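Written out below as structure tokens is the structure these notes cover.
The values are calculated or read from the model by the stated rules, or taken from the named source; none is laboratory data. Computed from a predicted structure; not experimentally measured. Don't worry about glycine lacking a Cβ; one is built from the backbone with ideal geometry, like all the others, and counts go over all protein chains shown.
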């Protein structure tokens, strides 16, 4: 939907990797289990203190690698992918821009957007951020150049070689960081931002906030840059401080794009006329229970777009007064590491000091967003201090954050978000009518005004003011029942199991060792086993896809490990292969077998003879029986059930948890 609106204002759209195909469903990326022990270098402490750009329309963090002056009149934010051929093709154009305009006039900011069908893109992005962390900005750009020059040779050995050439002195620390995915969070953060600004293909550019799609010719870039230069100079002449030019122009330019997107949304995906039956529950409320219009907001305290829309919501409250009620629902996104602690603290404040204190804490969290972070992680003590200002007991707030005291309330809100496809933040339901994102105030007002007319009609017909919201959504669409499918009859009873064999709920996984989404889902599955010990087990079913040339051999290899060493050997092999999908050739697998102490003679004979092909084929037959064509695919079944709940793809942990809880309640 959003892409289509932008395509109307961009040229040569086909020159973008992924730009012409429908992307997979947006899946909030899982945060890594540990943060980088070596943080990305902040600007030197001697640098002048300039205003933050993290709340700009297209946000820029001090930890984003950039070329050019912070005071440049034109800023180009590029979302890119080291394996994308169109991203490589545009590099000479960007070099020409640097040479033509210079670093005082143009700044180029890099953000990672590794596309899921580019197997080497994400590891390359993590490697680049590792170079930035260990050796700084100049080293990043040297690595960046080498990676694009060697695009057909992306791989761990070359990452180490290029990092050393770029200036990384501690090569051992770099290699260890790659192995442990030490810099994954920085990449995930960029991916999360790409979703909020709707940059879904690569390369995508925002020139002072104005969108430009694909590897366009130099003349197209120059035309847009020159236009922005004129606007920047005029803005400075009218009194804008140079250090605020980017934020001001980005807001204006992005708003124009947002207006186009809003028009497109009204026709397509975002249906703002259908009413959904959104329950309010016991969520925090700002306004009267008899208000004519109720706005339910799903939001995240670390989300810059949620922060940005606060001014709009305040203007709406000022304009409509008692006619308007706001209801808060927590949806902390997993790649915002301070969001959940902030939500826990806010709920604790509410529990200790009441509704007014909650909203004061809410306002503080949004007006002081930079206090939530220390480097790339959450600043828990800063969050505790904000709660203490509202009168909460600091010790109780610390305990609530550490123990996840209010996890049940957060889970309930996340479940509701899942049920009504409130994917991404901020997400609104205005008297049950969906509105997505930090839209202009006029878009909100149009719906609010229409709902006021409807509400007054109901009051005139005799509806009690206290019953108004219930009456307005009475005929709305309820949450749909989760999809279920029959368990395939052909399931092999001997497939590898991880977890307690007598568990009440089974998660059947069809997966492919070369599939990047399967690797991404692993952290979620490991967490499920930790959170539901003895109650949940995982069963692996092979589904090597034809597009992955090494997947079938890898599947047979894992089955040979299983035949020789049982579940322990299988899962050890499984973990290594998913972690290194670029090392699934026969020689790589032989080396792995030796490292895992597998009998290499039996191993070689089995792989040479094509053994275990029948077992892999049986898993495929079961997949066909269930209508499964892609990976990863999950069926979540309670003990004794013949039907199971469906999860397609590497979805958020909350979706798995929601369906597992349901399956547990149904287990015999």
When residues of the range 153-200 are filtered for being in a helix (DSSP H, G or I) and either touching a residue at least 60 places away in the same chain (Cβ under 8 Å) or within 12 Å of the chain's Cα centre (by Cα) (or both), how many remain?
17
Restrict the check to the range 488-505 and report whether at least one residue is more than 26 Å from residue 618 (Cβ to Cβ), outside any loop (DSSP other than H, G, I, E, B) and modelled with pLDDT of 90 or more.
no
Selection count, the range 286-312, where residues are without any contact (Cβ under 8 Å) to a residue 24 or more places away in the chain and either touching a helix residue (DSSP H, G or I) at 6+ places or on another chain (Cβ under 7 Å) or buried (at least 18 other Cβ atoms within 10 Å of the Cβ) (or both):
0
Suppose we filter 357, 343 for residues that are in a helix (DSSP H, G or I), crowded, with 21+ Cβ neighbours inside 10 Å and modelled with pLDDT of 95 or more; which single one remains?
343
Would you confirm whether or not the range 198-214 contains a residue that is closer than 24 Å to residue 582 by Cβ, in contact with a strand residue (DSSP E or B) (Cβ under 6 Å, 6 or more places away or on another chain) and surrounded by 18 or more Cβ atoms within 10 Å (Cβ to Cβ)?
yes
State the number of residues belonging to the range 198-218 that are modelled with pLDDT of 85 or more and under 22 Å from residue 303 (Cβ atoms).
4
Within the range 398-409, restricting to residues that are in a helix (DSSP H, G or I) and buried (at least 20 other Cβ atoms within 10 Å of the Cβ), the one that is farthest from the chain's Cα centre (by Cα) is 400
Per-region count, the range 114-139, residues modelled with pLDDT of 95 or more, under 22 Å from residue 197 (Cβ atoms) and in contact with a strand residue (DSSP E or B) (Cβ under 8 Å, 6 or more places away or on another chain):
3
I'm checking my understanding of the structure. Among residues of the range 201-216 that are in contact (Cβ under 8 Å) with a residue 60 or more places away in the chain, over 17 Å from residue 81 (Cα atoms) and in a strand (DSSP E or B), which one is nearest to the chain's Cα centre (by Cα)?
211
Among the residues of the range 484-503, is there at least one that is over 28 Å from the mean Cα position of the chain (by Cα), more than 30 Å from residue 561 (Cβ to Cβ) and touching a residue at least 60 places away in the same chain (Cβ under 8 Å)?
yes
Selection status of residue 635, out of contact with any helix residue (DSSP H, G or I) (no Cβ under 8 Å at 6 or more places or on another chain) and modelled with pLDDT of 95 or more
yes
Scanning for something over 24 Å from residue 194 (Cβ atoms) and part of a loop (DSSP other than H, G, I, E, B), does the range 363-371 turn up at least one residue?
yes
Of the residues in the range 545-561, those that are within 21 Å of residue 626 (Cα to Cα) and surrounded by fewer than 24 Cβ atoms within 10 Å (Cβ to Cβ) come to 545, 546, 547, 552
If I filter the range 639-646 for residues that are touching a helix residue (DSSP H, G or I) at 6+ places or on another chain (Cβ under 6 Å) and either part of a helix (DSSP H, G or I) or surrounded by fewer than 17 Cβ atoms within 10 Å (Cβ to Cβ) (or both), do I get at least one hit?
no
Go through the residues of the range 441-459 one by one and say whether even a single one is part of a loop (DSSP other than H, G, I, E, B) and in contact with a helix residue (DSSP H, G or I) (Cβ under 7 Å, 6 or more places away or on another chain).
no
